[in-house]
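What follows is a short report on a single structure.
Nothing in this text is a laboratory measurement; each read-out follows from the coordinates by a stated rule. If you're wondering where the values come from, they're calculated on a predicted model, not measured in any experiment. Cβ placement follows ideal geometry from the backbone for every residue including glycine, while neighbour counts extend to all protein chains displayed.
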Amino acid sequence: MTSARVAARPPSRSAALHKRLDHLALRWQARLESDSADRIVPWVTALVLFLVLGALALGRARSLEAGTDLAAYLQGTWLINHGDPPFVSLTGDHLLAEQAGFVFYPLAWLTRVVPAVPALLLTQAAALSVATVPLWHFARRVARLRGGAALTVLIAYALYPALHNINQADVHLATLALPLLLAAA
């Protein structure tokens, strides 16, 4: 009689909660495997990462801890917008002598419309964050990872210390090439 009484007892709250969490996890795993997840997840990740990287970069610039690289690029944008060659007095060299970054000219022209510091820092943050889209497609199509594993790759990229170091270390034109390099892979 006691075995019938035990079998008729409803499951405990912790067992019911565990079952609900398992069911919820399976549903989210199934959603990550859908085609709509391949279109939405990388862009949502890029948006969230852009907000974080942009806020961190602007916060550092606002706290007046920006370095000489940002100052050199700011002077370069001013010189380009006024029709002068970008010979930066801080370094004594032509701004494009080191990297031949001709992509800097459209960035300098952008600063005619928007303030220079946010334009430069947010463009860099956008390039670093948009790199999650080709990274997601690489993980899903080339490496054939499932949705959860591909999302883990994006999270690892977003938490990678070198990514945050390059974002916090003023402006570097090489970061603008990152999404294109990942897309070419």
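Structure notes:
- When TYR105, TYR73 are sorted by how many other C-beta atoms sit within 10 angstrom of their C-beta, beginning with the fewest, the order is TYR105, TYR73.
- For region 26-52 versus region 102-169, the gap between their alpha-carbon centres in whole angstrom: 16 Å
- The trypsin sites (Lys or Arg not before Pro) found in region 105-177 that occupy coil by DSSP, while having at most 14 further C-beta atoms within 10 Å, are ARG112, ARG144, ARG146.
- All alpha carbon pair distances within region 34-184 were sorted into 5 Å bins beginning at 0; the resulting P(r) in whole percents reads 2, 9, 18, 19, 17, 13, 9, 7, 4, 2, 0.
- Residue among LEU120, THR91, ALA37 farthest towards the positive dipole end of region 34-184, charges placed on Cβ: ALA37
- When the helices of the chain are scored as -39500 (n - 2.57) per DSSP H run of n ≥ 4 and the total is divided over every residue, the value at 222 nm lands at -21000 deg cm²/dmol.
- Least to most buried among ARG20, ARG31 (fewest other Cβ within 10 Å first): ARG20, ARG31
- Across region 1-124, the relative contact order, built from alpha-carbon pairs under 8 Å that are at least six residues apart, equals 19 percent.
- Cβ-to-Cβ counts within 10 Å put TRP136, TRP28 in ascending order as TRP28, TRP136, the fewest first.
- The ASP93 and ARG62 beta-carbon pair, evaluated with R₀ = 25 Å, returns a calculated FRET efficiency of approximately 0.35.
- Between GLY147, GLY54, GLY83, the Gaussian network model of the chain with springs among Cα atoms under 10 angstrom shows the greatest mean-square fluctuation at GLY83.
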